[in-house]
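No value in this document is a laboratory result; all are computed from the given coordinates. As the structure is a prediction and not an experimental result, all values here were calculated from the model. Methodologically, a virtual Cβ is constructed for each residue, glycine included, from the backbone with ideal geometry; neighbour enumeration extends over all protein chains shown.
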């Protein structure tokens, strides 16, 4: 199928309150919107099938739709940093 051009615009919305120390829900996205613009002389049904196939195979899209555990492994100068819990005070 010939594709002359394709562009993707990804936008997420979230409450910035937590970043400013205000009481708010967790700082996760409320929504992620993806707009795909395609230019192609191919029939619309063929393009629809390609878009559906691409969405099923997109690791980012599939991960955002599922509850996927996220691990943060932080290092400082090559040494692992243990996560600091809110009740733990810094010496």
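Computed from the Kirkwood radius of its Cα pairs, the Stokes-Einstein diffusion coefficient for segment 5-81 at 20 °C and 1.002 mPa s stands at 132 µm²/s.
Its relative contact order, with pairs defined as Cα atoms under 8 Å and 6+ residues apart, puts segment 5-81 at 24 percent.
Estimated at 0.36 nm per residue, the fully extended path between residue 14 and residue 39 surpasses their Cα-Cα distance by 5.9 nm.
Ordered by the number of other Cβ atoms lying within 10 Å of each residue's own Cβ, fewest first, 29, 20 fall into the sequence 20, 29. Our helix-only sum for the chain, with -39,500 (n - 2.57) per DSSP H run of n ≥ 4 divided by its residues, gives a mean residue ellipticity at 222 nm of -6500 deg cm²/dmol.
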